[in-house]
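Q: Submitted below is the structure of interest, expressed as structure tokens.
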Amino acid sequence: MSLAYLRGVCRHYRMGNSVVRALDGIDLDIETGEYWAIQGRSGSGKSTLLNLLGCLDRPTAGTYVLDGVDVSALSDDALSHVRSRSIGFIFQSFNLIPQLTVEENIEVPLFYQGVAPPESRRRARELAARVGLTERLHHRPTELSGGQQQRVAIARALVNDPAIVLADEATGNLDSATENEILAVMDQLHGMGKTIILVTHNAALTRHAEKVMVLADGRIESLRTRAEADAAGEEVP
Amino acid sequence: MNLFWILRTIRLGMKNLLLHKLRSVLNMLGILFGVGSVIAMLAIGEGAKWEAQEMVKRLGPTTIILYSQKPVEVDESTTSTSRMVEYGLTFLDMDRIAETLPAVKVVVPVRKVSKEIWMRGVKYEANLFGTIPRYANVTNAQAVEGRWLASLDFEHSRPVCVLTYEMARQLFPIRSALGETVQFGDAVFTVVGVLERRRGGSSKGKSSADEPMGAYTPLSALRERFGDINIRQTPGSTDISRVEVHEAQIKAREIDDVIAVARNIRTMLEKTHEQGDYSVFVPLEELRLAEATARIWTIVLACVAGISLLVGGIGVMNVMLATVTERTREVGIRRALGATQQHILSQFLVESLVLTLAGGILGVAFGYLLPEVVKFFTDVKARTPLYALFLAPGISLLVGLLSGLYPAWKAAGMDPVEALRHE
Ligand SMILES: Nc1ncnc2c1ncn2[C@@H]1O[C@H](COP(=O)(O)OP(=O)(O)O)[C@@H](O)[C@H]1O
Ligand SMILES: [Mg+2]
């Protein structure tokens, strides 16, 4: 079975007596090591899908099996555990904890795994070095540029060696030069065999992905490989 | 959840409190005052009783002491230089008390004569007390050398005396005092015993037994040699007074009788001594009084403590609720990175505990100083019991737990996705 297996996944929000169908019948198979891009207009359900994939949320209907475990039935604690072991999140607004230093921010996922301080510090430094932040270990997030903050967030997402890295509009708050830097890091991660799911409203950013899925109103509008998408000529890099 | 996790969380909690120093300090104040009041309450409650308890222990709970007192009106006629004043308790009073009050076990009269002693050319001021054999029992007088006065000494009015330890050392620093003679005025007494050193007590309830330069002799011998009239010559005037009994040591049979006996004695003396030339001292009454004072202080401080802790607790809850709301996004981030609900709950609970424990520790210092201030302005005594110092942090932790639980529970129950969307 694939790494992530979704069948008929729905996420409905009840608003008074109307129902918002943020996701409505999603079928997906994501294999280990694939690089996916999920594209769609604002409000199409991208973040909702990413949160489900990242076990932050549960589907209201349908099945989601991650790495052989049916997570649609797991308890809150079990979901936390899955997030802690298998998921790396990267957010649009970086979401670093302001009162912690760069090093401490990177250590947070290890903290919840119960890794002892010397080991977690060692790993945090290793990751910081990988994203080129060795000089900034003891700085606060507010003392860093947007690109540096996002690199801290990437280091943090990778520190627990997750099976899937989920990036929600990861470059949305960055200038194009920094955006390319971050995308290069993603390519690098993909080269190292990580499964990557990149959410973006910008079709131009999907060019790095192997598979491009377009969402519209909570449904899959199209799902193509890179080659198919290029052939269709839907976007020009 | 292991030790390093807890240490990290405590460090994080302190970091967050330092981020909002003023807010944290203001909220600590309630806890500080509350804990301080608890300690002060225990210290004053303990201290107010302590002195009286020690006195009762020293004098015995069944003791009642009567003193003769020079009445004020008599003192007014200072124009005449040598007028005899007659006042005080009488032997008749002694007999009446002993005979009419069955709850009285023993009445021991004491007569005092103040005389100068010349020893090897040095003058000493000394008091010679005439009393009866049972005096030793009621005042716990123990001879360390020689013996106490014997019945035969009384029957034959023998000129013998027993010295206090201090007096024996003064008069006979090297030799033993036993068998030596001491001349009080014109009369010579032979030393037959030396009492053990008395441990100093409070200023209240002092009697003939606490006189350092004192000697004890049979009442009969004293009366025979000095009569019932005391003459005191000071330059320019001569004080002549007639006092039969200067002091009476009375023992009730049972502790339960003491208060009633004291009341009866007062009633009896009021009738026969209209000029009020006596006073009655009841250690047990002093203790009851001290206990009442201690109770009032305890109630007042318990109220202050309760209100402070309540207000402090509400303040802490308020701050924690604000903190949780402010840091909703942080909760979302932590949840996304693998924190369980329990992790979030403990994080905020630890923060609340750190806040109140800090207040509690400062409160210990405050609670230690508060009784000192009370002592300075009132005559209330205070003794901080050791357990109070451990109780105080315990109380502050309890308040932290109670007021931190709801905010922490609220944070733990947040939906991770909602929390992440929070601005
Ligand atoms: N908590 C919620 N309650 C109600 N509706 C929601 C909630 N979260 C998301 N939605 C709705 O679900 C749809 C998809 O949202 P989202 O996944 O955030 O879109 P995207 O990330 O693609 O912009 C939107 O219409 C949004 O309004
Ligand atoms: Mg979105």
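Q: Quick check: anything in region B:336-345 within 16 Å of ligand 2 (Cβ to nearest atom) and crowded, with 19+ Cβ neighbours inside 10 Å?
A: yes
Q: Determine if region A:207-226 includes at least one residue that is at pLDDT below 90 and open to solvent by less than 30 Å² (accessible area, probe 1.4 Å).
A: Checked against the condition, which is being at pLDDT below 90 and open to solvent by less than 30 Å² (accessible area, probe 1.4 Å), region A:207-226 yields no hits at all.
Q: Sticking with this one: Looking at region B:76-120, which of the residues that are of a type in the set (Gly, Ala, Ser) and at pLDDT below 90 is most open to solvent (accessible area, probe 1.4 Å)?
A: Top of the filtered list is B:Ser82.
Q: Moving on. Between A:Leu52, A:Leu110, which is farther than 23 Å from A:Arg207 by Cα, within 16 Å of ligand 2 (Cβ to nearest atom) and within 11 Å of chain B (Cβ to nearest Cβ)?
A: Selected residue: A:Leu52, the only one of A:Leu52, A:Leu110 that is farther than 23 Å from A:Arg207 by Cα, within 16 Å of ligand 2 (Cβ to nearest atom) and within 11 Å of chain B (Cβ to nearest Cβ).
Q: Taking the options A:Ser42, A:Ser75, name whichever one is away from every other protein chain (no Cβ under 13 Å) and more than 15 Å from the chain's Cα centre (by Cα). Working first, answer last.
A: Numbers: A:Ser75 fails: away from every other protein chain (no Cβ under 13 Å).
Sole residue among the options that is away from every other protein chain (no Cβ under 13 Å) and more than 15 Å from the chain's Cα centre (by Cα): A:Ser42.
Q: While we're on this one: Looking at the structure I just gave you, is A:Asn95 in contact (Cβ under 8 Å) with a residue 24 or more places away in the chain, within 15 Å of ligand 2 (Cβ to nearest atom), crowded, with 21+ Cβ neighbours inside 10 Å and not in a strand (DSSP E or B)?
A: Yes: the conditions hold for A:Asn95.
Q: All but one of (1) β-branched (Val, Ile, Thr); (2) within 14 Å of chain A (Cβ to nearest Cβ); (3) touching a residue at least 40 places away in the same chain (Cβ under 8 Å); (4) more than 30 Å from B:Leu301 (Cα to Cα) hold for B:Thr340; state the number of the condition that does not hold.
A: (3)
Q: Can you list residue pairs whose Cβ atoms sit under 6 Å apart, with the first residue in region A:8-29 being touching a residue at least 40 places away in the same chain (Cβ under 8 Å) and under 12 Å from A:Thr48 (Cα atoms) and the second being near ligand 1 (Cβ under 10 Å from one of its atoms) and open to solvent by 70 Å² or more (accessible area, probe 1.4 Å)? Count only pairs 6 or more apart in sequence or on different chains.
A: Short answer, once both residue conditions are applied: A:His12/A:Arg21.
Q: Next question, about the same structure. Counting only residues that are touching a Pro at 6+ places or on another chain (Cβ under 9 Å) and in a loop (DSSP other than H, G, I, E, B), which one in region A:116-162 is most open to solvent (accessible area, probe 1.4 Å)?
A: Checking each candidate, the answer is A:Arg140.
Q: Still on this model: Of the conditions (1) surrounded by fewer than 18 Cβ atoms within 10 Å (Cβ to Cβ); (2) within 16 Å of ligand 2 (Cβ to nearest atom), A:Ser18 fails just one. Which one is it?
A: It fails just one condition, (2).
Q: A further question follows. For region A:1-44, enumerate the residues that are outside any strand (DSSP E or B), among the hydrophobic types (A, V, I, L, M, F, W, C) and more than 21 Å from A:Asp187 (Cα to Cα).
A: Answer for region A:1-44, where residues must be outside any strand (DSSP E or B), among the hydrophobic types (A, V, I, L, M, F, W, C) and more than 21 Å from A:Asp187 (Cα to Cα): just A:Met1.
Q: Failed condition for A:Tyr13, given (1) within 14 Å of another protein chain (Cβ to nearest Cβ); (2) within 15 Å of ligand 1 (Cβ to nearest atom); (3) buried (at least 22 other Cβ atoms within 10 Å of the Cβ), with all others met?
A: (3)
Q: Of the conditions (1) within 15 Å of ligand 1 (Cβ to nearest atom); (2) of a type in the set (Asp, Glu); (3) under 15 Å from the mean Cα position of the chain (by Cα), A:Asp24 fails just one. Which one is it?
A: Unmet condition: (3).
Q: When residues of region B:196-235 are filtered for being acidic (Asp, Glu), in contact with a strand residue (DSSP E or B) (Cβ under 7 Å, 6 or more places away or on another chain) and surrounded by fewer than 16 Cβ atoms within 10 Å (Cβ to Cβ), how many remain?
A: Matching residues across region B:196-235 total 2.
Q: Hey, among the residues in region B:43-75 that are within 23 Å of the chain's Cα centre (by Cα), not hydroxyl-bearing (Ser, Thr, Tyr) and not in a helix (DSSP H, G or I), which one's modelled with the lowest pLDDT?
A: B:Gly60
Q: Please go through region B:296-335 and pick out each residue that is open to solvent by 20 Å² or more (accessible area, probe 1.4 Å), closer than 19 Å to B:Gly360 by Cβ and either within 14 Å of another protein chain (Cβ to nearest Cβ) or more than 32 Å from the chain's Cα centre (by Cα) (or both).
A: Residues satisfying the conditions are B:Val311, B:Ile314, B:Met317, B:Asn318.
Q: May I pose another question? Which of the residues spanning region A:22-44 are of a type outside the set (A, V, I, L, M), open to solvent by less than 10 Å² (accessible area, probe 1.4 Å) and within 16 Å of ligand 2 (Cβ to nearest atom)?
A: Listed by number, the residues that qualify are A:Trp36, A:Gly40, A:Ser44.
Results for (1) surrounded by fewer than 16 Cβ atoms within 10 Å (Cβ to Cβ); (2) farther than 25 Å from A:Ser47 by Cα; (3) within 37 Å of the chain's Cα centre (by Cα); (4) more than 14 Å from chain A (Cβ to nearest Cβ), shown as yes or no for each residue.
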residue: B:Ala382; (1), (2), (3), (4): no, yes, yes, yes
residue: B:Leu386; (1), (2), (3), (4): yes, yes, yes, yes
residue: B:Phe390; (1), (2), (3), (4): yes, yes, yes, yes
residue: B:Ser403; (1), (2), (3), (4): no, yes, no, yes
residue: B:Tyr406; (1), (2), (3), (4): yes, yes, no, yes
residue: B:Lys410; (1), (2), (3), (4): no, no, no, yes
residue: B:Leu420; (1), (2), (3), (4): no, no, no, no
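Q: Now for a separate question. Could you check region A:45-79 and list, in sequence order, the residues that are part of a helix (DSSP H, G or I), within 16 Å of ligand 1 (Cβ to nearest atom), more than 14 Å from B:Asp415 (Cα to Cα) and open to solvent by 20 Å² or more (accessible area, probe 1.4 Å)?
A: A:Ser47 - this is the single residue of region A:45-79 that is part of a helix (DSSP H, G or I), within 16 Å of ligand 1 (Cβ to nearest atom), more than 14 Å from B:Asp415 (Cα to Cα) and open to solvent by 20 Å² or more (accessible area, probe 1.4 Å).
Q: Enumerate the pairs (first residue in region A:133-149 and in contact (Cβ under 8 Å) with a residue 12 or more places away in the chain; second residue anywhere and surrounded by fewer than 17 Cβ atoms within 10 Å (Cβ to Cβ) and among the aliphatic types (A, V, I, L, M)) with beta-carbon separation below 9 Å, excluding pairs fewer than 6 apart on the same chain, so at least 6 apart or on different chains.
A: A:Gly147/A:Ala177
The values are calculated or read from the model by the stated rules, or taken from the named source; none is laboratory data. These figures come from a predicted structure and were not determined experimentally. Here Cβ is always computed from backbone atoms with ideal geometry, including for glycine, and neighbour counts include all displayed protein chains. The protein model used for the area step is the full one, side chains on, heavy atoms only, and it has no ligands, DNA or RNA in it. Shrake-Rupley method; radii C 1.70, N 1.55, O 1.52, S 1.80 Å.
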